[in-house]
Structure formats: C-alpha cells, structure tokens
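Bear in mind that the values in this text are calculations on the coordinates, not laboratory data. Note that the structure is a prediction, hence the values are computed from the model and not measured. Here the Cβ positions follow ideal geometry from the backbone for every residue, glycine too, while neighbour counts run over all protein chains shown.
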C-alpha cells in the first residue's frame, strides 16, 4: 500500500527551483532517506510534506487523499527537527503529551500512550525533567517519543542525528532503525550524510538542485548509479570518473582500480599511467591518490583513487610511477553531455 | 638627536611613566572608572532620596524648610486621611493597572506583527516608535486636541457613526467631554499613557519574541496546535520573563508620572482624576507643605520596592527554567 505519493511536486522561490518536478512514492512501512548535499532542496521537500510550506505546483497524496490544502495541524505527519525543538518551558511529560492535547485525544488515553512511547524509547524516568536538564541523546529520544505518541501515518525526520556527538551518533542510528523495525511507521528521513542514508534506509532518494537523480536501494545506488551526480556523490571516496572520449565517461569504484597488476588482466577498459601523490592509511584499507598523465581531452589533470586492502603494505611512495587498470565488467559508463548512464551494449569496443 | 627620537617613539619615561604605572593598577583604574557613576548615584539619587525621607518626617514647609522638628509618621497619618489622597491613590492604581493591561495585550500583538516581514515594515516601525520619542508636552497637546470638549475629532467620528448626538446610542449631546468627567477622564489618561508606553514595552517584548526559534512554532503546528494554543502554550510562556520586565518598566514609569495628568486634566474635575505624584506636587510645592508632599511621594515606595524585587525574581526564575 502506498502511504505517500509526491506527484510533479515543485517549489519555487523567485527564479530558484528548490524542488523541481519531484515524483516519489513511499510504500507502507518503508524507511526512505532523502540524500543530498546542502542546498539540494531536501529540507524544502520535507517541509512540503509536513505542510510547513505550500508547494508551487504538483500534488502530495497521503493515504490516497491530497493534502496540499491541509494545514500541518490536520495532517497526520509527525516531524522531528534537527534541533529537536523541544518546548523548553514544559516538562518531558508535557512535551510528549502536547500532540495529544493539541489534537484533542481523549484524556483517558493519554497515560497509556505516554507509557507506550516512553518505554519504547527508554525515557520513562525523565518525565518530570525540563529539556534543558537532558543530554543531547536524551533530548533526541524525547523528541522521538513526542513524534511517536500520536500514531502518525508518516514520520518526517530532518537530520535528527546531526546535533548529536559523534560518539553516540552511531548508536542512535542503530536505535532509530530498531525503533522503525518495531513500529513499522513509514518514514521519510532527510540527511546529507550518506553513511546514515545507506545504513538506515530501505531505499534512498538522491536529490540535487531540486531534482531527484535516483531512487533505489543502497546497493543499487552504489553498484548502479543512474548518472554522473550519483556516481560522484555516493561512496567514500566516490567513483573515479575517467573520460574515455568526447562522449563517454567511465566510472570505476576505487576498490576496482587495480594497481600494477602482476598477471594479465582480461578485458581492460581503463589503463592509466599514474604518478602517486600520496597514500592514506585508514585502518581497514589503504587509499592511493594519484595523478593520471595526459588523459582528458581538455588537457586537465585527472585525479584517481585506488582502494587497497590493509592486509599488505601497498609498497607505494609519493612520486612513484605506476599503472592503474580497470576491467570492463567493473566500469559504469555515462554519457558525457547528459550525465546519464549508458547501457553496456552501446559501448564502443 | 638620536636620543630625542627614541624617547618620542618609545615607551614614556620618568615621571609620566610612574604615573602611568600607578594608574594602570587594577584597583586604581577600577575606582577611576567607577568614580563618576558612584558620585552621580550618591549626589543625584541617594541624597535626594534620603532628604525626602527626612522631609517626610519633619514639619518643613516652603517658608521654613529646616529639618529641626522630628514628627515621626504624623505626616503620613495626616495625608492618608484626606479624601483627595484616597482618590489619588485609587486613581493611580486604576491608571497604572489599566495602562499595563492595555500595553501588555497591544505589545504582544505588535511584537507578533513586527517579527514577520511585510511591505513597509521599516516605515511602520518608525511611526510606531514615535510616541516614545515625543516630549510629554507634545503628547498632551496632541491628545488634548483629540479629546477637546468642542473640537474633538473623536466626537465627530462618533456623531458620523450615529453613536453620538440626537438619536444616537450615547444620548442627545454632540460631545463626550472626555476630560470633563471622572471615568472618561481616567480612561483618557489610560489611553494616552498606553499610547506613550507601548513602544518601549513592544521593543522589550519583541526582543524576546525574536529569540524564539522558528522551529519551535513549526513543531507546534506539526504537533497539531492551532493559533491560540500556540499563543498561550508556546509564545507567551517564552515571552514571560520579558513580559515581566516590560510590566515593571511600564508600571514604574506610569505610577510615577505626573506631567500627563497635569497637562490633560489638572486632576479634575475636582480631584476626580487626581493621581499621587501630581497630588504630592500640588501639596508639597504649590501648597508649600514640603513635609506632606514628601510623605505622599514616599507612600508607595515600600510597596513598589517589594513588587519590583518579586517581579525581577520571577523573571529570573522563568528564564532559568
């Protein structure tokens, strides 16, 4: 069952298209991340769904009903802001009960709902405190409890982890996913952090300059990027993008870039003479950064990265000359002008 | 020559340098900086205040201003028993409470308006602040014309609306005589005071309003709150500390103010719009009884002191929370 449908959704600020013709569907119980760099329109998209801004055109359908003209207080969408936006003059209890009181839920239901939401998030013992007396992690849980307490149709999260300290962020991420697995509330999760998006979401929608570039599972985004933007955005470090000729660009993941292969590698598409600039040791792997010699047609230097297992020292030093190659099966090809992915069959041999 | 040049650009030497070093000591510098302010407070606040207390417990008059006879609280007992004092006290409280009520509601509404961007906001802000910048005499002249017994434009509008005049709801006369009537007179003073005090209160409240993050309102809307719930459960609690400060400032200014009543109604008709500060002036300066005037002035002081301390504490506490 489809819970949320965005149809040709647009939001313009003057001549700027913050959201540019977005079509998207969320199935019931799905956890979808909206991933994009800052200024990509992801927050605007979320505010449109929550009803905080009216769209310029297009439609937002929740449970088969258009909600474009419905104010936020009458949409069954719960939201957690980046700052958590707890009400500082209210106790945790009153914060969590506020949506119930506002929506005139019968009083006799309050205690049971409060109990359920707080026990799920483990904040039962904080009920009489003020938000200013809570740690960042506790504030986040209270904000989640407040969103959860009213049984929303849809959760909208605006980078709910970015205000947390790095140490507790990965634990909070795991807890967020566990919470979703328990409640199965359809979730729209906005983030600029691909680790969060890839790690949490069932599907990820990549957005840039207001347009959706690709919607797919984390595996699809990583293995089959739909265009050059996704290829250059997903993955850390992202794909090497190597121009082949006037019309084609080849994308190759750093782990598929082979350095000084000892045996003959069959079916090579990429074969570069590279000067190593520096190598990085990251614990689980090495990254070799290099400059390819005279490859681009416009004479620009080409930066390439190869990822090597940590098990052996790669034996590379800065300034060293080496050969980096990539096999045809590992390469994604993109049309240079449009940026779109090309099907392998069209590739010139 | 080279020595002269060095002394010109290098650190000062000799006596100058010793004075400089002495002045540079934190203790000396601190008293030097604080000195003027301390002197000012002692000379122009502390001394007159103590003098007023001494006067209120003496039998000083304009003719004989010496403080030689101590009469204890006799002056207080005497002034409190007069009808004029009782009326003035009542009116002071009514005017202050009425002004505070109006100012609070209007300042909250105005800050709600001014926090949003709209066309012509700067012009509106300038006009809005103007009453605060006007001298009180000018204010009084403006309002005396507004409320004039013959030429009041308010009367004219009321007549046009068929509320006043023959066949109107408020009787056959074509004039309200705002300043010639006890309750209309008090209402006029309240409205004029509100007009004067609103800019200050609005600026105080607006500062608090602007410090509330927009996300809190958006969260409340998503949580299902309507306009009034947001106003009473989100906005007003956040404004509370500054509202208390605005009440304090406005209240103290209004309750201590005599010039507006002096210029608008002269306390009349009779003593019906008399207020304490003006009555103290009439009694103490015009009437020549310095001691009784001082007693009237000081009468409210203990109450205002306690109220101010409590208000500031409440403001502090609600900001802490």
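For chain A, the longest principal axis of the C-alpha atoms and the axis of helix A:107-121 are separated by about 30°. Highest mean packing first, where packing is the average number of other Cβ atoms within 10 Å per residue, the peptides A:302-311, B:243-252, B:13-22, B:131-140 line up as B:243-252, A:302-311, B:131-140, B:13-22.
Helical content of chain B, expressed as a calculated mean residue ellipticity at 222 nm, amounts to -21500 deg cm²/dmol (DSSP H runs of 4 or more residues, -39,500 (n - 2.57) each, divided by residue number, nearest 500).
Below 8 Å between Cα atoms, with a sequence gap of 6+, how large is the relative contact order for the range B:74-320 in percent?
Values: 287 pairs, mean separation 70.9, N = 247.
Result for the range B:74-320 is 29 percent.
Packing order of peptides A:108-114, A:219-225, highest average first: A:219-225, A:108-114 (average count of other Cβ atoms within 10 Å over each peptide's residues). Taking A:327, A:73, A:301 in turn, the Gaussian network model of chain A (Cα-Cα springs below 10 Å) assigns the largest fluctuation to A:301. Exposure proxy ranking for A:180, A:21, based on other Cβ atoms within 10 angstrom of each Cβ and starting from the fewest, stands as A:21, A:180. Highest mean packing comes first when the peptides A:136-146, B:157-167, B:41-51 are listed by Cβ atoms within 10 Å, giving A:136-146, B:157-167, B:41-51.
Take every DSSP beta bridge whose two residues both sit in the protein assembly as shown; close to 75 percent of them are antiparallel. Mean sequence separation of contacting Cα pairs (under 8 Å, at least six apart), scaled by the length of chain A, corresponds to a relative contact order of 16 percent. Shielding by partners for peptide B:230-236, expressed as the average number of C-beta atoms from other protein chains within 10 Å of each residue's C-beta, is 2.
Look at the stretch B:237-244: the mean tally of other chain Cβ atoms within 10 Å of its residues' Cβ atoms is 1.
Classify chain B: rounded, prolate or oblate, from the alpha-carbon gyration tensor (a ≥ b ≥ c, eigenvalue square roots; a/c under 1.5 rounded; otherwise prolate if a/b is larger than b/c)? Cα axes put chain B in the oblate bin.
Stretch residue B:141-residue B:116 to full length: gain in nm at 0.36 nm per residue minus the Cα-Cα span? Walk me through the numbers on the way to the answer.
On the way: separation 25, 0.36 × 25 = 9.00 nm, distance 3.35 nm.
Here the segment from residue B:141 to residue B:116 would lengthen by 5.7 nm.
Look at the stretch A:51-58: the mean tally of other chain Cβ atoms within 10 Å of its residues' Cβ atoms is 1. Comparing A:205, A:337, A:292, which has the greatest mean-square fluctuation in the GNM of chain A with Cα pairs linked when under 10 Å apart? Ranking A:205, A:337, A:292 by mean-square fluctuation puts A:337 first.
Taking neighbour Cβ counts within 10 Å as the exposure measure, how do B:281, A:87, A:189, A:281 sort from fewest upward? All intermediate terms of the calculation are to be shown ahead of the outcome.
Numbers: B:281 18, A:87 21, A:189 25, A:281 11.
Listed from fewest to most nearby Cβ atoms, that is A:281, B:281, A:87, A:189.
In the range A:2-223, the DSSP beta bridges split such that about 55 percent are antiparallel, to the nearest 5. Within the listed set A:123, A:331, A:156, the residue fluctuating most in the Gaussian network model of chain A (springs between alpha-carbon atoms under 10 angstrom) is A:123.
Helical content of chain A, expressed as a calculated mean residue ellipticity at 222 nm, amounts to -7500 deg cm²/dmol (DSSP H runs of 4 or more residues, -39,500 (n - 2.57) each, divided by residue number, nearest 500).
With a Förster radius of 56 Å applied to the beta-carbon distance between residue B:252 and residue A:280, the computed FRET efficiency rounds to 0.25.
With r defined as the distance between the Cβ atoms of residue A:183 and residue A:111 and R0 fixed at 22 Å, what FRET efficiency is calculated, to the nearest 0.05?
Between residue A:183 and residue A:111 the formula returns 0.65.
Mean silhouette area of chain A, derived from the convex hull of its C-alpha atoms and averaged over all directions, reads 21.5 nm².
With r as the distance between the Cβ atoms of residue A:271 and residue A:2 and R0 = 51 Å, compute the FRET efficiency 1/(1 + (r/R0)^6) and round to 0.05. Show your work: numbers first, answer last.
Details: r = 47 Å, r/R0 = 0.93.
It comes to 0.60.
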